[in-house]
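All remarks here apply to the structure that follows.
The values are calculated or read from the model by the stated rules, or taken from the named source; none is laboratory data. As the structure is a prediction and not an experimental result, all values here were calculated from the model. Cβ placement follows ideal geometry from the backbone for every residue including glycine, while neighbour counts extend to all protein chains displayed. Side chains are part of the model used for accessible areas, which takes the heavy atoms of the whole protein and leaves out ligands, DNA and RNA. Shrake-Rupley method; radii C 1.70, N 1.55, O 1.52, S 1.80 Å.
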Amino acid sequence: MQIQEGRVFIGRFKGKADLLAELTELCKKENVKLGVFSVIGALTCAKLGYYNQAAKKFTDCVSLDKKLEIASCTGNISLLNSEIFVHAHITLADHEGTAYGGHLMPGSKIFAAEYYIKELTGTTLERTHDSETGLNLWKS
Amino acid sequence: MQIQEGRVFIGRFKGKADLLAELTELCKKENVKLGVFSVIGALTCAKLGYYNQAAKKFTDCVSLDKKLEIASCTGNISLLNSEIFVHAHITLADHEGTAYGGHLMPGSKIFAAEYYIKELTGTTLERTHDSETGLNLWKS
Amino acid sequence: MQIQEGRVFIGRFKGKADLLAELTELCKKENVKLGVFSVIGALTCAKLGYYNQAAKKFTDCVSLDKKLEIASCTGNISLLNSEIFVHAHITLADHEGTAYGGHLMPGSKIFAAEYYIKELTGTTLERTHDSETGLNLWKS
């Protein structure tokens with residue numbers, strides 16, 4: 001779907017905060033209802049979700065209790081139950097260079113994090129339950 | 001090279017389809033001849049290419065026959081043999097958080113995938129054979 | 001912080017050069033003082049930094065003496081000591097699909113690399129020493 005471009009934000013999240021919560025809070029504060037983003041930085045610990053496609057739920061979660069670089073963190077902003085909702089995927093790396101990835105879950109704590117957010121406007125996208133996958137998805 | 005900005009697209013690909021084919025088909029349908037994109041979501045299986053720099057060809061391919069999160073998928077759209085061509089690299093993660101990466105090949109099937117495409121305009125970029133690397137590259 | 005959008009650049013870096021140096025040189029040549037970027041391609045070798053959060057310095061560095069795909073490379077451009085400074089994080093993959101990640105360090109040599117750079121304007125962001133983390137950060 002073609003869409004219009006809105007505002008752009010760049011900055012840094014405060015340390016010790018939860019990465020997903022900070023992303024969500026900033027989008028709510030700025031009223032970014034649709035958009036995309038990218039974050040780099042480092043975490044003091046991380047929690048990654050993995051969707052169990054057969055069970056149709058997030059049954060597995062990987063907790064990484066160590067300091068990690070955020071190799072990449074990208075995703076989008078849209079609406080779920082009429083509220084601003086951030087969907088973020090992340091790649092992390094430990095001090096040996098080993099990479100980890102997954103769905104960014106609450107419990108991933110910021111050491112330092114720099115964000116870029118691009119708002120999209122002209123319409124909104126609402127997530128609704130998709131029976132085929134069990135996920136909350138936009139209309140395809 | 002400085003370039004102009006064009007249209008922006010956001011949306012979701014249908015499940016069970018091939019990710020690279022869906023990206024290519026959408027760009028062809030919308031006539032996006034130059035641009036960049038980002039995708040997150042999940043795959044039911046994946047095929048990753050690895051370019052053999054000495055042999056100057058994709059001799060190695062990694063097939064992952066398992067369900068995977070798309071931790072990141074980024075790349076660009078340009079022309080090859082005058083046709084719209086998508087060049088995509090991807091990072092994946094399994095249910096243990098282990099990350100995999102490479103050149104996105106045909107055979108990577110979508111479970112769910114959300115895309116953002118940014119068109120660039122003002123000129124086109126055509127890939128031509130580069131004898132030094134053996135790859136199809138833009139003029140540097 | 002909301003910011004304005006500037007110019008956009010797309011192109012290819014020359015082979016054999018240092019990826020971080022090429023990114024920095026291009027931004028300096030074009031006078032991109034603030035922005036974000038994305039690169040895909042391949043390296044002939046890589047050097048990844050890992051910030052030691054306790055020691056407050058980059059004590060660990062991972063050298064990968066092998067050919068690697070750039071699964072993703074994203075980051076930002078701002079000022080450090082009034083000079084244009086590139087902060088890049090990268091995810092790499094070897095011929096078995098194994099992924100590595102970290103802070104892009106000098107010593108990562110290009111086999112082929114395609115960049116997209118988005119300039120941001122209206123203000124600049126200057127990195128200054130942050131005593132809490134030991135890093136050079138923007139004001140939060």
Checklist entry - Do you know which residues across the stretch A:95-120 are in contact with a strand residue (DSSP E or B) (Cβ under 6 Å, 6 or more places away or on another chain) and either within 10 Å of chain B (Cβ to nearest Cβ) or among the charged types (D, E, K, R) (or both)? => result A:99, A:100, A:101, A:102, A:103, A:104, A:109, A:114, A:118, A:119, A:120
Checklist outcome for this item: Contact list, first residue from the stretch A:80-106 and closer than 24 Å to residue C:49 by Cα, second anywhere and modelled with pLDDT of 95 or more and assigned to a loop (DSSP other than H, G, I, E, B), beta-carbon distance below 7 Å, six or more apart or interchain, is A:94/A:66; A:100/B:97; A:101/B:97; A:102/B:97
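Filter the stretch B:5-25 for residues that are within 14 Å of residue B:87 (Cα to Cα) and in contact (Cβ under 8 Å) with a residue 12 or more places away in the chain and give the result. Full working, then the answer.
So the first thing to find is which residues in the stretch B:5-25 are within 14 Å of residue B:87 (Cα to Cα), and the list is B:19-25.
Hits for the stretch B:5-25 are B:19, B:20, B:21, B:22, B:23, B:24.
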Item to check | Check on residue A:131, hydroxyl-bearing (Ser, Thr, Tyr), within 11 Å of chain B (Cβ to nearest Cβ) and not in a strand (DSSP E or B) | outcome: no
Item to check | Pick from the stretch C:109-136, criterion farther than 26 Å from residue C:68 by Cβ and touching a Lys or Arg at 6+ places or on another chain (Cβ under 6 Å), ranking: surrounded by the fewest Cβ atoms within 10 Å (Cβ to Cβ) | outcome: C:124
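Would you confirm, using the coordinates I've provided, whether residue B:60 is more than 13 Å from chain A (Cβ to nearest Cβ), modelled with pLDDT under 95 and over 16 Å from residue C:116 (Cα atoms)?
In short, yes.
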Item to check | Residue match in the stretch C:67-74 (condition: over 24 Å from residue A:90 (Cβ atoms), of a type outside the set (Val, Ile, Thr) and open to solvent by 50 Å² or more (accessible area, probe 1.4 Å)) | outcome: yes
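Counting only residues that are over 13 Å from the mean Cα position of the chain (by Cα) and part of a strand (DSSP E or B), which one in the stretch C:80-91 is farthest from the other protein chains (Cβ to nearest Cβ)? Break it down stepwise before answering.
Step one: filter the stretch C:80-91 for residues over 13 Å from the mean Cα position of the chain (by Cα), giving C:80-83.
Restricting the remaining residues to those that are part of a strand (DSSP E or B) gives C:80, C:83.
Working: C:80: 13, C:83: 18 Å.
Per the stated criteria, the residue is C:83.
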Checklist entry - Just checking, how many residues over the stretch B:4-49 are more than 10 Å from chain A (Cβ to nearest Cβ), open to solvent by less than 10 Å² (accessible area, probe 1.4 Å), aliphatic (A, V, I, L, M) and outside any helix (DSSP H, G or I)? => result 4
